[in-house]
Every structure is written in structure tokens, then in C-alpha cells.
Amino acid sequence: MDTPRRPDDDARYRALCSHDARFDGRFFIGVTSTGVYCRPVCRVRTPRRENCRFFDHAAQAERAGFRPCLRCRPELAPLERHWSVEDASTILVQQATRLLDDPQTWLDAATEGATVNRLADRMGVSDRHLRRIFEARLGVSPLQYLQTRKLLAAKQLLADTTLPVTQVALASGFASLRRFNAAIQARYGLSPTQMRRNPLTLATPSRVPAGHAGTVRLSWRPPYDAVAMLGFLGTRALPGVEWVQPDALRLQRTVRLTVAGQPHTGWLDAQLDPTAHRLLLRVSDSLHAVLPSVIWRVRALFDLDADPQAINAVLQADFPGGDGLRVPGCFDGFELAVRAVLGQQITVAAARTLATRLLERFGEPITTPEPALHRLFPTPQALAEAEPQALGELGIVRQRQAAIQALARAVASGQLDLSGHADLALTTQALLALPGIGPWTAQYIAMRALRWPDAWPRGDVALHQALGLADLKGPAAALAAADQAAAWQPWRSYAVVRAWAGCHARPEPPGATTCATNGAENPIEALTEPPTQDDTP
């Protein structure tokens with residue numbers, strides 16, 4: 001069934017003919033002569049126009065009876081992210097699909113039906129209303145959308161790893177191998193084993209190096225400033241937890257995550273490949289059972305699902321030259337929040353020093369193949385139970401001690417969710433209710449941990465300077481900045497990153513930083529020192 005809201009299909013066909021990676025994941029093409037659906041970047045022979053049907057989502061193509069292409073592999077496409085601040089139905093669908101895209105949602109419920117019921121409860125609507133909105137906006141039911149996401153995740157694991165089929169089934173959210181086999185056969189006409197052995201599959205067991213389960217590929221839409229992203233993350237890397245090699249565009253780190261109530265620890269290795277518009281990901285054996293959840297978090301960490309075309313349509317006039325900049329995310333929301341509190345009103349270097357001391361005192365050791373990776377960031381429980389005196393000995397002032405411990409207690413008790421699918425309004429309200437956390441910190445956490453594209457760190461002095469408001473002070477500067485930013489909704493988070501990088505087009509005071517993408521060695525060097533903000537409650 002075609003999507004109810006169809007753009008110009010002739011324009012989509014021209015994009016298909018050009019194989020332009022900017023349109024990857026924004027739509028899919030069903031080819032009636034083959035029964036297969038593809039990404040716009042697919043390099044097979046371009047089908048005739050009359051044989052093409054166009055869909056906004058993979059679930060729509062699969063409902064119409066098309067199978068995913070084994071060559072271009074639709075599961076590798078960046079996820080589509082539509083953002084609206086006005087239409088209630090669109091907001092509901094975009095929030096619901098984001099939750100259904102998150103493997104944590106699949107694995108926390110025993111059945112697909114239970115997942116959809118929980119989703120409706122979380123959205124504050126009946127399951128009947130949720131189905132009605134999905135059918136009207138997407139042309140598929142929530143259950144069909146969910147099953148497509150799970151099957152595509154399984155297809156990626158079958159193609160890119162040598163994990164046993166049973167492990168693939170469980171990691172993809174299927175309760176049993178029988179149900180998994182039946183779903184794959186019914187939807188794709190192949191058994192899991194046949195799909196893995198297909199000659200078009202790019203990663204087969206014989207091609208995977210000994211000792212590795214495989215390398216997972218994750219795509220993005222260009223332009224993407226990989227040097228800027230690694231520069232930002234490298235400046236803030238914690239020794240023992242992270243190792244960033246900017247020249248190699250590579251990041252390695254230790255990770256801890258809890259899925260379906262079970263803790264998992266290990267390490268990951270991510271390398272950006274700008275020429276192919278993709279990220280290559282390897283993980284430790286201990287994370288294979290939760291690989292889809294790791295993939296989801298890595299996509300958020302590197303902001304791989306951003307749509308530069310939609311963002312630039314709003315920001316390009318005021319921020320020329322910054323269209324490759326993304327909003328750096330995080331792997332763990334609690335870790336990001338603690339580091340944000342430690343970084344209040346001090347430099348990045350000083351905040352990194354404090355975080356390193358905290359890590360050495362309260363972090364846990366872990367064994368990895370890389371000597372640079374040997375610690376896990378402290379758990380919420382460890383920091384919640386820490387003696388204030390022990391925190392003070394690390395150089396953390398009393399106000400920050402109170403903020404960190406209140407934050408840790410809220411996360412440890414389950415009262416505060418800092419994951420990428422947390423409710424924005426409830427989470428920011430809960431953050432502001434904690435001692436020592438003000439609007440700047442709450443919005444910074446929303447921008448990087450909650451993945452909110454429209455966060456606005458009110459009172460950010462460096463942001464005011466970048467916007468040419470250096471002559472104004474306090475509330476006057478904040479009000480003037482907010483007035484400017486009204487035109488940048490719903491992409492103010494991206495505007496902040498571009499402003500910090502010096503890409504604002506309006507006249508700057510003498511000595512101001514020019515856009516970092518215009519020849520600077522580090523394309524986001526304006527972010528190597530944090531914005532100065534007053535975030536006291």
C-alpha cells in the first residue's frame with residue numbers, strides 16, 4: 001500500500017537514476033517486475049519508470065508485497081526522521097515510530113502485541129486510536145511497522161555476522177526460533193540459512209576474519225563532517241573508557257547497557273568511512289546478544305540518522321558552510337549527564353580531569369584486547385552510594401556533589417530515564433527538579449542524550465557571542481538569542497552546533513572565529529572549550 005502523502009514520484013525516480021546518497025532512507029522503490037524493493041542508492045540496473053512504486057517506509061513496501069533487495073540491503077538505510085511542532089497526529093506518529101525503531105522497546109516485552117499495547121499506554125492513547133493514526137499517516141499498522149523493523153534487524157545480523165541463527169532470532173526480539181523462521185519465510189520467501197548463503201549477501205561466514213563475528217555496516221546521508229565529529233568526541237574522551245584516533249576516524253570505547261533487565265558489558269570499535277558514507281562497527285563477543293541495541297546507540301552517538309536536506313532548508317541561510325556538522329550524541333545518557341554537571345562553568349579540560357578522577361575512584365575494571373580500554377564508567381548505584389567526602393576529595397565542589405548524587409539516585413531508582421526514547425517534557429521537568437541542574441544543563445542533556453533536535457541551551461554565553469550579541473548581558477542577551485532562534489525550529493540543536501563552530505553568517509565582532517569548516521584543521525575547534533554558562537538553580 002502506498003503512503004497516503006506522496007511527494008512527486010517523478011522527482012523520486014530522478015533521484016533513483018542519480019543514486020544520490022542524500023536521499024538514502026528518505027524513500028524506497030518497489031520494482032513490480034522483480035517483486036523487490038530497493039534504496040535510492042542501489043547500483044543494480046535502473047528499472048523502468050512504469051515498473052516503480054515509491055514508499056516512505058520499508059514497512060509500506062513490505063505490506064505491498066515487496067521483498068528487500070539483497071544487494072543494496074534496505075536495512076542499512078539511515079532511519080527517516082520527520083519532525084513537527086504543530087500537527088498532533090504527526091507528532092504522535094513520529095514519537096511512536098522512534099520508539100518502535102529502538103530495539104529496547106522490542107526486547108522489553110514478551111510479544112509484539114504487548115509491545116504495541118505498551119506503546120499506546122506510553123503515548124497516552126488507546127491501541128485502537130494508535131492503529132487508526134498509523135493507517136492514516138503511514139498506511140501500515142503499528143504491528144506491521146514493528147515486525148518490519150525486527151526482520152530488517154535480523155536480516156542485517158544474518159548478512160554481516162556469523163552469529164548462530166538462534167542468537168540472531170533472540171537478539172532481534174523474537175521469542176522463539178520457530179516464530180523467527182516462520183516470519184522470515186512468510187515475508188521474504190527464504191529461510192534464515194538460505195538468506196545467509198545467498199551469493200548477493202555481502203558478508204558470509206567465509207569472508208569474516210577468524211576470531212570475529214563480523215563487521216556491521218551503518219549508513220548515513222551526506223554531507224557528514226566526520227573530522228568534526230571525531231574532533232569533538234576526541235577532545236572529551238575519558239582515558240580508560242574511550243580511545244579516539246581522529247586521523248583514522250576511529251573511536252573505541254567500553255560500554256555497559258541493560259536490556260530486558262539484564263546488564264551487559266564489553267567494548268565497541270567504530271570507524272567512519274566518508275567515501276562510502278558508512279560506519280563500520282565491531283563489538284566484543286559479550287555484546288552479541290544485544291547487538292541491535294548497540295547499533296541503535298551507535299547511530300545516536302554519531303547522529304547517523306539526521307537529514308541534512310531538511311536541516312539545511314531551515315539553517316543554510318544563517319549558517320552557511322556548516323551543513324556537514326551533526327549533533328554529537330552519547331552512548332549512555334547517565335554518563336553524559338554526570339559529565340555535563342561536572343562541566344558546569346569550567347573548561348572542557350578541567351571537566352575531563354574531574355571525570356577521569358571520578359572514573360578511577362568509582363569505575364569498574366574491564367579486560368579488553370585494547371590496552372587503552374580498561375575501565376567502565378561508574379554506575380548510578382555506585383555514585384548514589386558514594387560518600388560526599390569521597391567526591392570532595394576528587395575536587396568536586398559541594399553543589400556538584402549534590403547534583404551528581406541526586407541524578408544518580410533518580411536514575412538508579414528508575415524515576416529518571418535518560419535514554420534516547422525518554423519522554424522529553426517529563427525528563428526535562430525531572431532534571432530541573434534536581435538540585436544543581438538548571439535550564440542550560442537540562443537542555444544540553446536533551447540535545448545530546450535525549451536526541452532532541454530542537455534543544456536550546458538558554459543563557460549560553462559562547463552562543464550569544466557567536467550570534468553577535470556580545471554587547472548584551474544576562475536576560476537581555478538570552479531574550480535576543482531566543483528571538484533569533486525562533487526561525488530555526490525545529491532544528492535549534494543543529495543551529496547551536498553550527499554557531500559554536502563559528503558558522504553564523506551575521507557580522508561578527510573583531511577576532512571572532514570563522515566557520516570551522518572553512519579550512520580549520522579541526523572543523524569544530526570552537527567546541528574544544530565549552531560555552532560559559534551560569535546554570536546554578
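The values are calculated or read from the model by the stated rules, or taken from the named source; none is laboratory data. Small disclaimer: the values here were computed from a predicted structure and weren't measured. FYI the Cβ positions are ideal-geometry reconstructions off the backbone, even for glycines, and counts take in every protein chain you see.
Every condition in (1) in contact with a helix residue (DSSP H, G or I) (Cβ under 6 Å, 6 or more places away or on another chain); (2) part of a helix (DSSP H, G or I); (3) surrounded by 20 or more Cβ atoms within 10 Å (Cβ to Cβ) holds for residue 381 except the one numbered (3).
Here is a list: 336, 354, 315. Which entry is buried (at least 16 other Cβ atoms within 10 Å of the Cβ) and farther than 30 Å from residue 221 by Cα? Give the steps one after another, and end with the answer.
Details: 336 fails: farther than 30 Å from residue 221 by Cα; 315 fails: farther than 30 Å from residue 221 by Cα.
Testing whether each residue is buried (at least 16 other Cβ atoms within 10 Å of the Cβ) and farther than 30 Å from residue 221 by Cα leaves just 354.
Can you tell which of 108, 56, 102, 121 is acidic (Asp, Glu) and out of contact with any Ser or Thr (no Cβ under 9 Å at 6 or more places or on another chain)? Can you show your working first?
On the way: 108 fails: out of contact with any Ser or Thr (no Cβ under 9 Å at 6 or more places or on another chain); 56 fails: out of contact with any Ser or Thr (no Cβ under 9 Å at 6 or more places or on another chain); 102 fails: out of contact with any Ser or Thr (no Cβ under 9 Å at 6 or more places or on another chain).
Going through 108, 56, 102, 121 in turn, just one is acidic (Asp, Glu) and out of contact with any Ser or Thr (no Cβ under 9 Å at 6 or more places or on another chain): 121.
Just wondering, is there one or more residues in segment 314-335 that are at pLDDT 95 or above, β-branched (Val, Ile, Thr), assigned to a loop (DSSP other than H, G, I, E, B) and assigned by TED's automatic domain parsing to the domain that holds residue 448? Within segment 314-335, one or more residues are at pLDDT 95 or above, β-branched (Val, Ile, Thr), assigned to a loop (DSSP other than H, G, I, E, B) and assigned by TED's automatic domain parsing to the domain that holds residue 448. All of (1) within 30 Å of residue 21 (Cβ to Cβ); (2) in contact with a helix residue (DSSP H, G or I) (Cβ under 6 Å, 6 or more places away or on another chain) hold for residue 76 with one exception: (2). For segment 294-312, the condition of being at pLDDT below 95, in a loop (DSSP other than H, G, I, E, B) and not aliphatic (A, V, I, L, M) holds for at least one residue.
Could you check how many residues of segment 455-473 are among the hydrophobic types (A, V, I, L, M, F, W, C), within 15 Å of residue 498 (Cβ to Cβ) and not in a helix (DSSP H, G or I)?
The first filter runs over segment 455-473 and keeps only residues among the hydrophobic types (A, V, I, L, M, F, W, C), leaving 455-456, 461-463, 466-467, 469-470, 472.
Keeping just the survivors that are within 15 Å of residue 498 (Cβ to Cβ) gives 455-456, 462-463, 466-467.
Okay, now just the ones that are also not in a helix (DSSP H, G or I), so 455-456, 467.
So the answer is 3.
Residue 118 passes every criterion in (1) assigned to a helix (DSSP H, G or I); (2) outside the structural domain of residue 186 (by TED's automatic domain parsing); (3) of a type in the set (Lys, Arg) apart from (2).
Can you name the residue in segment 397-416 that is in a loop (DSSP other than H, G, I, E, B) and out of contact with any helix residue (DSSP H, G or I) (no Cβ under 6 Å at 6 or more places or on another chain) and is also nearest to residue 339 (Cα to Cα) among such residues?
Within segment 397-416, the first condition is being in a loop (DSSP other than H, G, I, E, B), and the residues that meet it are 397, 413-416.
Right, trim to out of contact with any helix residue (DSSP H, G or I) (no Cβ under 6 Å at 6 or more places or on another chain) and you get 397, 413-415.
Values: 397: 14, 413: 20, 414: 20, 415: 20 Å.
Checking each candidate, the answer is 397.
Considering the conditions (1) among the basic types (Lys, Arg); (2) modelled with pLDDT of 90 or more; (3) in contact with a Leu (Cβ under 8 Å, 6 or more places away or on another chain), residue 122 is excluded by exactly one of them, (2). Exactly one residue out of 419, 413 is surrounded by fewer than 18 Cβ atoms within 10 Å (Cβ to Cβ) and either of a type in the set (S, T, N, Q) or closer than 17 Å to residue 330 by Cα (or both), and it is 413.
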